[in-house]
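Trainee: Supplied in structure tokens, the structure appears directly below.
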Amino acid sequence: MSYTDRELLVATQIAYYDFDLDILERNNYSATLKELFKQDKSIEKKIQDSIDYAKLKGSALEVTRLEKAKELYNEIASGNSKYSNWVIKSVEDDNVNSGFYGCLIETGPDSAIVGFRGSESYDSTQIKNDWVNADLGLLNSTLTEQQSVAEKFMSDINKNYNYSNYAISGHSLGGNLSAHATINAPEEMRGKITQSLNYDGPGFSQEYLAEHSDKIAKMSGIMTHYQWSLVGSLLFQIPGEKYQSIRTNDIVYGKYDLSSLITKHDTSFVLFDENEKVVPGDIDNFARSISRLSTNIDSCPSWMGNSLIWGISHVMTMSTTEKVIGGIVLIGGLISFAATHPVVTVIGLVAVAALAVVGWINPDFFGKTLIPFLLDATSITIEAVRAVVNGIVDVVKEAISLVKLAGDLANRIIEGVAAKITGLIDWAKIGLKAMFKGGSFNQNIQVNTYKLRVYADRLASVNRRIRNLDRRLDYLYMKVGLENIPNLIKADALTGYSWKLNQCVNYLNNTAEDFDRTEGSLIGEIRGV
């Protein structure tokens, strides 16, 4: 069985409903959605309460979003829709612990859809579980806690049910989970999965794609990723999946005011044609810039991404007291800065006022021009920093390799010299013993340490020349172009005073001196015999 795009979107929207598990159990998980909605009015009440609150406190766009959600609920509850007869067969509700929520929806005698819920923000626990641990946790990650629960849910479905056809669908964070669940589905279940849809969810880290490359190669042919907001453009896409930017309702499509850019992420604004297929569209500047920034951050060393996660997660999970204290400190700092830097403050206020006027004249200015510009500037900075860091890392690796090579060479020289000296001392001892036995000796014992000192001088000369070359390279920093700086840094890092060579020089000189002292001592002892 093949599902339409809208059917799979409805499935993931159903995953946002908080079904009463007691009612599901009383109906032995066999009641249709229409029957469940008749028995449980809490879902309808929750939607209506949200609409009423948005009319008092929210924006017109938020009201429109919620009213569209109510329309879908009414369509299902009416009994006149094909969705009315779908059956919730299983629910995995781990919201309290990890934030995960998924459900198995039977759409026919031998077919089912696994729907995954996306991020929620109705309390601090969900913000921490979804936005921090699950969403931000995708950076530099190969497995998040919710992804782990999604795997277990798929394994339980495989053990307890035997449908011939499965489809997997999720929105936002749920879209990422649906892709992960598809990639890591039990072996005997993979052949039964015919469709997998990520609705505007984030992609994956480079580490994840590398670790799961074999499984991805087997499943990516049935996977689709639809993007229409900044969330769907985050991180790296799965190789081989169908990735498509799509249109949304005209009320938000092509709009760059911040409310539209954020609110349009909801499934309510997706546009379908007469065949319930999505309509292709274009990615906006905001999402494109976010995509570039997120992939650049993920490509940085893991400690940079982890530091960012720590900082954002700390801000997002601050208590009310911490927020008040932070606000007081911030305001106090701004007042102090304004008092000590009046010129800068005036310039800043003028700039803010100018931006406010421009934003008032053109509401799309911030979302279409200014913020994407700042995001791109940040991305360029990160790319430059990463290039320098990678260059330094390469230089350090090469330097370590050269130092090791020089060390090995020095050790071989030292070992050779030590062997020669040891042999010479042994020869002297044998000669002295022979002289003692014969009753006579040659008092003019001479040991030639000249070559040891010559070798030491040569090595010292090489070190001096390297140091002089290093100083000359330093003058080039003000003369070469910016594009040649990385190459100069690499050359400069490889050219410098060698402590290994200095150790060899000291060793040769000290050995010559020790041998001279030993020679004098031996001669003194012989003469005193």
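Trainee: In what sequence do W499, W131, W228 fall when counting other Cβ within 10 Å, fewest first? Spell out each step's value before the answer.
Mentor: Details: W499 11, W131 20, W228 29.
In increasing order of surrounding Cβ atoms, one gets W499, W131, W228.
Trainee: Efficiency by 1/(1 + (r/R0)^6): what FRET value for N80 and L330, r their Cβ-Cβ distance, R0 = 45 Å, to the nearest 0.05?
Mentor: Values: r = 55 Å, r/R0 = 1.22.
Using R0 = 45 Å, I get an efficiency of 0.25.
Trainee: Sticking with this structure for a sec: Would you mind calculating the gained length between D110 and S30 on full extension (0.36 nm times residue separation, minus the Cα-Cα distance), in nm to one decimal?
Mentor: Numbers: separation 80, 0.36 × 80 = 28.80 nm, distance 1.42 nm.
So the chain would gain 27.4 nm between D110 and S30.
Trainee: While we're here: Taking θ = phi - 60°, what integer Hz values does the Karplus form 6.51 cos²θ - 1.76 cosθ + 1.60 yield along the stretch 199-215, in sequence order, with x for Gly and Pro?
Mentor: With coefficients 6.51, -1.76 and 1.60, one gets 8, 6, x, x, x, 9, 6, 5, 4, 4, 4, 5, 5, 9, 4, 5, 5 Hz.
Trainee: Once amide H atoms are placed 1.01 Å from N in the peptide plane, what residues at a sequence separation of 5 or more from I168, or on another chain, have their amide H within under 5 Å of its amide H?
Mentor: Hits under the 5 Å cutoff: V114, Q195, S196, L197.
Trainee: Please arrange L56, L138, L476, L72 by how many other C-beta atoms lie within 10 Å of their C-beta, fewest to most.
Mentor: Details: L56 7, L138 28, L476 13, L72 18.
In order of increasing Cβ crowding within 10 Å: L56, L476, L72, L138.
Trainee: Determine ³J(HN,Hα), in whole Hz, for all residues of the stretch 229-235 in sequence, where each value follows from phi through the Karplus function 6.51 cos²θ - 1.76 cosθ + 1.60 and θ = phi - 60°; x replaces Gly and Pro.
Mentor: 3J(HN,Hα) across the stretch 229-235, in whole Hz: 9, 4, 5, x, 9, 6, 6.
Trainee: I want to check the label-to-label distance for F337 and W499. Put each point 7 Å from Cα in the C-beta direction and report it in nm to one decimal.
Mentor: 4.2 nm
Trainee: Moving on. If you stretched the chain out fully between Y450 and L143, how much longer would it get, using 0.36 nm times the residue separation minus the C-alpha to C-alpha distance?
Mentor: On the way: separation 307, 0.36 × 307 = 110.52 nm, distance 6.62 nm.
That works out to 103.9 nm of additional length.
Trainee: Of K242/K277; K41/K128; K215/K242; K128/K255; K46/K152, which pairs sit farther than 21 Å apart, going by alpha carbon to alpha carbon?
Mentor: Values: K242/K277 14 Å; K41/K128 29 Å; K215/K242 16 Å; K128/K255 30 Å; K46/K152 29 Å.
Checking Cα-Cα distances, K41/K128; K128/K255; K46/K152 exceed 21 Å.
Trainee: Hey, which of these cross-link pairs are over 26 Å Cα-Cα: K159/K218; K82/K192; K34/K159?
Mentor: K34/K159
Trainee: Something else now. Roughly what % antiparallel, to the nearest 5, for the DSSP beta bridges in the stretch 5-303? Walk me through the numbers before you get to the answer.
Mentor: Working: 18 of 38 bridges.
Looking only at bridges with both residues in the stretch 5-303, the antiparallel portion is about 45 percent.
Trainee: Order these by the 10 Å Cβ neighbour count, fewest first: T340, T64, T4. Could you put the intermediate results ahead of the total?
Mentor: Numbers: T340 9, T64 18, T4 13.
Result, fewest neighbours first: T340, T4, T64.
Trainee: Moving to a separate point now. Taking every eigenvalue of the Cα gyration tensor of the stretch 5-303, multiplying by 5 and rooting it, what semi-axes result, largest first, whole Å?
Mentor: The equivalent ellipsoid of the stretch 5-303 has semi-axes of 27, 25, 18 Å.
Trainee: From the backbone phi of the stretch 64-72, what are the Karplus-calculated ³J(HN,Hα) couplings (6.51 cos²θ - 1.76 cosθ + 1.60, θ = phi - 60°) in whole Hz, Gly and Pro given as x?
Mentor: 4, 4, 5, 5, 5, 5, 5, 4, 5
Trainee: Then there is this: Note down the nm distance, to one decimal, between modelled labels 7 Å out along Cα→Cβ at A217 and at T321.
Mentor: 5.5 nm
Trainee: In Å and whole numbers, how far do the C-alpha atoms of the stretch 216-302 stretch along each principal axis, longest first?
Mentor: 40, 32, 17
Trainee: Can you tell me the order of 75-85, 110-120 when each peptide is scored by its average per-residue count of other Cβ atoms within 10 angstrom, highest first? All intermediate terms of the calculation are to be shown ahead of the outcome.
Mentor: Numbers: 75-85: 15.8, 110-120: 24.2.
With the highest mean Cβ count within 10 Å placed first, the list reads 110-120, 75-85.
Bear in mind that the values in this text are calculations on the coordinates, not laboratory data. Model, not experiment: these values are computed from the prediction. We place every Cβ from the backbone using ideal geometry, glycine too, and count neighbours over all the protein chains shown.
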